[in-house]
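The values are calculated or read from the model by the stated rules, or taken from the named source; none is laboratory data. These numbers were taken from a predicted model, which means no experiment stands behind them. As a convention, Cβ positions derive from the backbone with ideal geometry for all residues, glycine included, and neighbour counts pool all protein chains shown. To get the accessible areas, we keep the full protein, side chains included, count just its heavy atoms, and leave off ligands, DNA and RNA. Shrake-Rupley method; radii C 1.70, N 1.55, O 1.52, S 1.80 Å.
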Amino acid sequence: MKYIKIVVPLFALLFVGLIYWPDQPSYIPKKLWGVWQTDHESYAGRYLDISEAIFTIGQGQENIQVFFIHQVKMDLEGPRERYTLYYRGHEKTQEPLQAFTLYYHKTKEGDRLQLKNQGSIFWYRKTDLEPAAPGPEAAAP
């Protein structure tokens, strides 16, 4: 009988804890997730693909660099948020962490990224660059 008096409240507590347990925090905030491209001609065919704990730098169809995030720091810098991603290459598990710094800010045109070493180059979420689909009137002969 004592066993039931102890076990039932423990199961109830465990059940309530599982229901209200906060989601596991991600390394990279969701607002940075997605595929980012720029219309700057020097970076044609390149993109950044950012997800929960991985970011990828694509340099055309065949050259892709994959990095695993170990820590993220965010600081405010004027109207922008500065994120420093501490990462390591997928094949370099024993090497020290590297840092990749980018700035995020919202504009009326949409979200923008700016890499620390690219002063005037802005990266847009891929959907922001794609032209709108033609309407039904464009399909008529």
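Side notes on the structure shown:
- Flag for residue 68 being among the aromatic types (Phe, Trp, Tyr), at pLDDT 60 or above and not in a loop (DSSP other than H, G, I, E, B): yes
- Of all residues in the stretch 69-96, those satisfying the criterion of being within 18 Å of the chain's Cα centre (by Cα), more than 21 Å from residue 122 (Cβ to Cβ) and surrounded by fewer than 16 Cβ atoms within 10 Å (Cβ to Cβ) are 70, 71, 73, 89, 90.
- Here the condition is being farther than 18 Å from residue 27 by Cα, open to solvent by 30 Å² or more (accessible area, probe 1.4 Å), modelled with pLDDT of 90 or more and touching a Leu at 6+ places or on another chain (Cβ under 8 Å); of 114, 37, it holds for 37 alone.
- Filtered residues of the stretch 41-80 (kept if touching a His at 6+ places or on another chain (Cβ under 9 Å) and on the phi > 0 side of the Ramachandran plot): 78
The rows are residues; the columns are (1) over 21 Å from the mean Cα position of the chain (by Cα); (2) modelled with pLDDT of 90 or more; (3) under 19 Å from residue 106 (Cα atoms).
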{"residue": "16", "(1), (2), (3)": "yes, no, no"}
{"residue": "27", "(1), (2), (3)": "no, no, no"}
{"residue": "31", "(1), (2), (3)": "no, yes, yes"}
{"residue": "59", "(1), (2), (3)": "no, no, no"}
{"residue": "64", "(1), (2), (3)": "no, no, no"}
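- Summed over the stretch 60-92, residues that are under 16 Å from residue 115 (Cα atoms) and among the polar types (S, T, N, Q) total 1.
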